[in-house]
Amino acid sequence: MSGFGKYVHKNSLVHSINPALKIVYLVVALVLLFTSRSIDDYIIPFTTLTILMILSKVGLKTFLLDLFKFKWFLLVVFLVQLFSFVKVNFTSSLVRASNSVLLVSFSVLATSLIFRTTSNVALARAFEVILRGLGMKRIARRVSLMLMLALVQIPILFEQMERIRTAQTLRGQTWRTKNPMRALKSLESIVVPLLFFSLKRAESLSISLEMRKYSASNKPTLYKPLRLSWVDSLPLLMIAFLLASKFLRW
């Protein structure tokens, strides 16, 4: 389960939900949170998200560890929002900073939920379905292909980066230094080999697709086509609950 958002195979209700509806749930929740006026508006979205995380059987600890990986980013967001409005009183700035941290935290947890419970192929297919539904049929297939390849390569690049870092450490490379020039030099010893690996990997994928006579214009066949089932009523009910709670507050 190492790595942010790595897919975890479980036999749960959340894994069986149509991935397109998971994305719609995330978009609706984020739109509503962007228009929120107080911290109380975050209670219902976080409640629905917690229910989905529990039903996924992945474990709340896994999602919290994914969130913990963004601790420094959350701290920066909090401090920027807290001290960027000089003319506003401290209480208002504190509320605004807390809202921003909660919004980013919800985004990270919801994204982690989608990635942990949806395979890369199904997720790419879901984006293709959504784009086709929005009338973008010409680019839907190409975008889904790029997304699927990117999602597949991200964990591979992280693993390769760890291998490079371990190899450089065994060669005597030090990573903790107060000198910024040495820190950049240490970073270069990781970035350059990783860049060459990425280019070589991209070339191999291109040759592989070409040898299989893959064409983005052809109509694809699916082993497991996306269909709606009774399980999909769960995110639909949660979306309706989010919308109802928001409009009732207004």
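Figures for the structure shown
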quantity	calculated
Nearest-10 value in Å² for the accessible area of residue 146, using the 1.4 Å probe	120 Å²
The chain - mean residue ellipticity at 222 nm from DSSP helices (-39,500 (n - 2.57) per run, n ≥ 4, rounded to 500)	-24500 deg cm²/dmol
Accessible area in square angstrom per residue, the chain, 1.4 angstrom probe	66 Å²
Under the Karplus curve 6.51 cos²θ - 1.76 cosθ + 1.60, θ = phi - 60°, whole-Hz ³J(HN,Hα) for segment 71-76, x wherever Gly or Pro sits	4, 6, 5, 5, 5, 5
Accessible surface of the chain [probe 1.4 Å, protein heavy atoms]: carbon and sulfur percent	67 percent
Neighbour-limited loop hits for chymotrypsin sites (Phe, Trp or Tyr not before Pro), segment 99-175 (at most 13 other Cβ within 10 Å; DSSP other than H, G, I, E, B)	175
Surface accessible to a 1.4 Å probe, residue 188 within the full protein complex, Å²	90 Å²
Sequence of 14, 27 from largest to smallest accessible area, 1.4 Å probe	27, 14
Under-5 Å amide H pairs with residue 226, H placed in peptide plane, nonlocal only	none
Table column - 3J(HN,Hα) (Hz), segment 123-133, Karplus curve with 6.51, -1.76, 1.60, x for Gly and Pro	5, 5, 5, 5, 5, 5, 4, 5, 5, 5, x
For segment 164-171, Karplus couplings with θ = phi - 60° (6.51, -1.76, 1.60), whole Hz, Gly/Pro x	5, 5, 5, 5, 5, 5, 5, 7
Within a Gaussian network of the chain (alpha carbon springs, distance under 10 Å), most fluctuating of 11, 89, 99	89
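The values are calculated or read from the model by the stated rules, or taken from the named source; none is laboratory data. Owing to the predicted nature of the structure, the values given are computational and were not obtained by experimental measurement. Counting neighbours? That spans all protein chains shown, and the Cβs are built from the backbone with ideal geometry, glycine included. With ligands, DNA and RNA removed, areas are computed over all heavy atoms of the protein, side chains included. Shrake-Rupley method; radii C 1.70, N 1.55, O 1.52, S 1.80 Å.
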